[in-house]
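Just below is one structure, and these are the notes that go with it.
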Amino acid sequence: MNRIRISQLSAFCLGLVLATFLSEIYLHLVEISPAWKILPAAEISFYGPDKDVGYRIRANVQGLWLSENRAKIISSSQGLRDHETEFHPPLNTYRIAIVGDSITEGLQVDVDELFSELMEKELTLRYGKTEVINLGMSGASPAVQMARMKSLGLQFSPNLMVFVVNVSDFASSIIVSDAEYSGYVDSGNGEYVLGKGFRENPSYKFRTSFNGHLFYQAMDNIRLIRLINTRKNRGLMNQPSDTHPTVPQQCNGSRLGLLAEGLRDGGKTEKLRPDVLRTKKVLTAFRADLQSLSKMTNAPVVLAIRGLSPICGNEKQTTDKVAKGMKNFLSIGDEITIVDLDNAVDGVLRENYPKNSRLDMYGFGARLGQGHLNPFGHQVVAKALINSLGISKKRHLHEAGQS
Amino acid sequence: MSFDSPLFLILFVVVFAWLRKFPKHGGMLLLAASIIFYSFAGVMDMTLVIAMVCINYLLSFYVLKGRRWLTLTILTNLAVLAFFKYRHFLLPEASSNQVRDFFNADILIPIGVSFYIFQAIAYQVDLYKGKTQHIRSFWHFSLFILLFPHMMAGPIVRANILEPQVAKAYEGKIKGRRFWIIGLGLCLLGLVKKVGLADSLSPFVDAVFYQGPSDTYTAWLGAILFSFQIYFDFSGYSDIAVGIAYLMGFKLPMNFRQPYLALNPKDFWQRWHITLSTWIRDYLYIPLGGDRVGGVPRHFMVMVVTMGLAGLWHGANWTFVIWGVIWGIYVWGWRFVAPILNQEKVLSWMIHITVVILLWVMFRAENVDRAISFYKGMLGMAEGAYSLKGSSMEMFCTLIGVVLLFFSQLAESKIANYGWIKKHRGLDCPLIWGIMVGLIFWIIILPKQIANPFIYFRF
């Protein structure tokens, strides 16, 4: 009896192993077949640890992005959501480094549909050889963007640096925490600096260890490991909620209020509430970093801000205060300029697409109006940035400086 | 809690193991598991179903006393159903065609209410007519209604089929079924249909119906894809429900029999949602007179009213009612062409499947205006914004895919049946069980990108 049971159990276990192999084979086959756009597949694991930022896009990975809209994505050898390029710029090429969050990274579309690529093509046509380096990364707060620009962006010797930021991120809790990735933290003397506390995080230590390296190798080659990793990240028991992806611009009254107070002229710091004081210090530190970036590269910096013209009508007064405050506090001559990206986008829509609204720029399929930029959205943002960055003048100044 | 979730898998494994270990307490264990399973639907839903169990149980003692009590019982059940399901429909906004998008909105009605109330009504009527025994035990009755594999979205099981099995469960006499491959195979088939196919088709179908087709190709393709999405989704659920029940020792009726192989409308309704169509036949169509009472006009009215109500059962939207009414006209009208088409099977199939696909458009559309706009798209007057067109290669592959979808019905009819299993009984072995369990595990582990509840949970 025992022998029969053991042999039955062995056969059952062999069956489990065979099922695992079959599943792995299926996941590989579906990626290389035309059915990748439809059938269930394993999502790419795109990110890895980074000693300066906390995380980064891993180099030379390729796979499928499945959320919101399916796309085949490849990262370059420098870990960019971009075509292959060299650190050293080619001759007579004007380089723009753009950093932002998932909106800039645009995993939902093909790389040639990204606004950075569209800008590159259009600017090359208009002004001659131009490269736009896309440093965008999902979840990148202004602190992460700053760390990324400093650690990776500067290696490309940009002639212009652009930060595409969401205004309410300046008052969020993630910008002041360095537990998982870079954030502005109190250096001890009351000033805020970019912290690297994530290096003490056990997860970071694992991911930078030899075992972590093996884990990433396994994820790159074994699709079932990707499945398990995605499940783990979302919560093993969690089912996706019925709520739709994040709307492009949420009403963020409390954060905007905090920002407005933090940016108010005057007001002694000792009289400010702790959260307002913290926001003011973060903005001060960010401004200092922007200045040092500009000085290091002798290149201008543009802050393209989203969220200054939100859809929520009752926030108009607050956002006007924030917009004015941002311009007064952060812009410094030609060195650092502020662009209201929403305003620029609205301008493009009025002029070129009068029948469309901002909501048409986001989402896919039945989720139109929600989530990330769709190809139309990337086209509009590309035009908006080209119109508002003042490339022509900046390029002239750069060329004049060179000669 | 959905059948395709890891939590359900864990719960089921625990229940299955306990049943094998402690069959004596099978009844109470299954009742407890059913309550836990349904409790994930929320306090309101739970309260309602318990209340309906209690009310129907009490009323069953009076139904035997006379027709008036039966009428009261039926009206009570229908009143509850009408309140929870149709109160929005009765509001003035409903007539303006601005009803919410049924297939993309949150599920608002208590889950399973349409199914367990119909099951309760069937029981009360059969009890009155002496077709089933009176379930005197409250615990037996509770499990009869609440048995978790089928209570949320069917199959609607008659008391004379389920009650003896429930009684055996309480007596500790449920035995494992003969071929585990049947139970596991049904679960695997159901998951492949739901997770692998229905959920994969869903984004495209949702996009076409939400934005409207921008060309004729997209309109027809969208309609065909929805026809298969709803089939895979619902039959997948039914397969899993029957498979799970089978593994626990219960035999539930199959709810689908490859409906897209049907050659005519009557054949279709003997293959699609079989337990609902037989319920409609036995408790609505025949009591109204069927085709035996009165002449042709009366038969026409009975058919149209019956199918219209069947459409209404699906949900509070005029699209469902119109869908049902047209089905009634179609079923009734087929008799005039049957003598010719019965000789031409291929032609009969082509005409019939085209009508089915066209009717699914009405079923799926958000409202009647959108349905009409969609039909215009199918006729070359597209007004929408979404296109499924791609490169020539992509469209060729899509065509192959659609052909394969139709052929999947043939494949299913050959393999997924008891006769085939019996013929290949050698496959019922631990190795195959292991493969099936492994595949079920990996399908459930697949992370979902968006929430896609089983379509019939919405009804």
Practice problem: Give the peptides A:321-330, B:40-49 in descending order of average Cβ contacts within 10 Å, highest first. | Solution: A:321-330, B:40-49
Quiz item: Does chain B come out rounded, prolate or oblate, given a ≥ b ≥ c as the square roots of the eigenvalues of its C-alpha gyration tensor, rounded meaning a/c under 1.5 and, failing that, prolate meaning a/b above b/c?
Solution: oblate
Quiz item: Across peptide B:262-271, how many C-beta atoms of other chains are within 10 Å of each residue C-beta, on average?
Solution: 0
Quiz item: Can you give the FRET efficiency for residue A:234 and residue A:213, using 1/(1 + (r/R0)^6), R0 = 25 Å, r = Cβ-Cβ distance, to the nearest 0.05?
Solution: 0.55
Exercise. Could you tell me what percent of the DSSP beta bridges with both partners in the protein assembly as shown are antiparallel, to the nearest 5?
Key: 40
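Using r as the Cβ-Cβ distance of residue B:75 and residue A:179, and R0 as 45 Å, what FRET efficiency do you calculate, to the nearest 0.05? Each step should come with its number before you reach the end.
Values: r = 61 Å, r/R0 = 1.37.
Calculated value: 0.15.
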Quiz prompt | Integer Hz, Karplus 6.51/-1.76/1.60 couplings in order for the range A:138-145, x for Gly and Pro | solution = 4, x, 6, 6, x, 5, 5, 4
Quiz item: Which length gain, in nm to one decimal place, applies between residue B:175 and residue B:18 when the Cα-Cα distance is subtracted from 0.36 nm times their residue separation?
Solution: 55.2 nm
Exercise. Within a 10 angstrom radius of each residue's Cβ in A:7-14, how many Cβ atoms of other chains show up on average? Whole number is fine.
Key: 4
Quiz item: Rounded to two decimals, what ratio of Rg to Rh does the range A:97-229 give with C-alpha atoms and a Kirkwood Rh?
Solution: 1.04
Quiz item: Check residue A:362: other-chain or 5+ apart residues with amide H under 5 Å from its amide H, H built from backbone geometry?
Solution: A:369, A:374
Quiz item: Between the DSSP loop rule and a limit of at most 12 other Cβ atoms within 10 Å, which chymotrypsin sites (Phe, Trp or Tyr not before Pro) in the range A:51-120 are left?
Solution: A:87
Quiz item: Taking the range A:1-123 on its own, what percent of its Cα-Cα pair distances exceed 22 Å?
Solution: 53
Exercise. Send over the per residue convex hull volume for the range B:209-305, Cα only, as a whole number of Å³.
Key: 154
Exercise. Evaluate the relative contact order of the range A:95-213 (contact order divided by residue number), counting alpha-carbon pairs under 8 angstrom at least 6 apart; express in whole percent.
Key: 25
Quiz item: Computed from the mean reciprocal separation of all distinct C-alpha pairs, what Kirkwood hydrodynamic radius does the protein assembly as shown have, in Å?
Solution: 30.7
Practice problem: For the range B:122-188, give the magnitude of the charge dipole about the Cα centre (Cβ charges: +1 Lys/Arg, -1 Asp/Glu; no others), in debye to the nearest 20. | Solution: 220
Practice problem: Subtract the Cα-Cα distance of residue B:346 and residue B:82 from 0.36 nm times their separation in residues, and report this length gain in nm to one decimal. | Solution: 90.9 nm
Self-check item: Per-residue mean of C-beta atoms belonging to partner chains within 10 Å, peptide A:30-38
Solution: 3
Practice problem: If a/c stays under 1.5 just call it rounded; otherwise compare a/b with b/c (prolate if a/b is bigger, oblate if not). Do that for chain A, with a ≥ b ≥ c from the square roots of the Cα gyration tensor eigenvalues. | Solution: prolate
Quiz item: If you project the alpha carbons of the range B:318-413 onto their three principal axes, what span does each projection cover, largest first, in Å?
Solution: 44, 35, 25
Quiz item: One-quarter of the Cα convex hull surface for the range A:296-396, in nm²?
Solution: 8.0
Exercise. Could you name the aspartates and glutamates whose alpha carbon sits less than 16 Å from that of residue B:376, not counting residues in the same chain fewer than 8 places away?
Key: B:215, B:366
Quiz item: Longest exposed-loop-site-free stretch of chain B, with GluC sites (Glu not before Pro), DSSP loop and at most 13 other Cβ within 10 Å?
Solution: B:1-343
Self-check item: Rg and Dmax of the range B:346-459, Cα atoms only, in Å
Solution: 20.0, 57
Quiz prompt | Förster radius 60 Å - calculated FRET efficiency between residue B:161 and residue B:396 (Cβ-Cβ, nearest 0.05) | solution = 0.80
Exercise. Can you tell me which of B:434-446, B:7-19 comes out highest on packing, and rank the rest after it, using the mean Cβ neighbours within 10 Å?
Key: B:434-446, B:7-19
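When a/c is below 1.5 the answer is rounded, else prolate if a/b is larger than b/c, else oblate, so apply that to the range B:202-246 with a ≥ b ≥ c taken from the square roots of the Cα gyration tensor eigenvalues.
Prolate is the answer for the range B:202-246, as a/c is 1.5 or above and a/b outweighs b/c.
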Practice problem: Positive end of the charge dipole of the protein assembly as shown (Lys, Arg +1 and Asp, Glu -1 on Cβ, about the Cα centre): tell me which of B:119, B:407, B:259 has its Cα farthest that way. | Solution: B:119
Quiz prompt | Estimated 222 nm signal from helices in the protein assembly as shown, with DSSP H stretches of n ≥ 4 weighted -39500 (n - 2.57), rounded to 500 | solution = -18000 deg cm²/dmol
Exercise. Kindly work out what percent of the DSSP beta bridges joining two residues of chain A are antiparallel, to the nearest 5.
Key: 40
Quiz item: For the residue pair residue B:138 and residue B:215, what label-to-label distance in nm results when each label sits 7 Å from Cα along the Cα-to-beta-carbon direction?
Solution: 6.5
Quiz item: Stokes-Einstein D for the range A:63-134 at 20 °C, 1.002 mPa s, Kirkwood Rh over Cα pairs, in µm²/s?
Solution: 166
Exercise. Filter the cross-link list A:281/A:324; B:85/B:193; A:51/A:280; A:232/B:193; A:280/A:383 down to pairs whose alpha-carbon distance in this structure exceeds 23 Å.
Key: B:85/B:193; A:51/A:280; A:232/B:193; A:280/A:383
Practice problem: Just rank A:355, A:232, A:196, fewest to most, by other beta-carbon atoms within 10 angstrom. | Solution: A:355, A:232, A:196
Exercise. Restricting things to alpha carbons, find the Rg to Rh ratio for the range A:185-230 using the Kirkwood radius for Rh.
Key: 1.26
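Throughout, read-outs are computed from the coordinates displayed, never taken from laboratory work. Just so it is clear, the model here is predicted, and its values are computed rather than measured. All Cβ positions, even for glycine, are placed from backbone atoms using ideal geometry, and neighbour counts span all protein chains on display.
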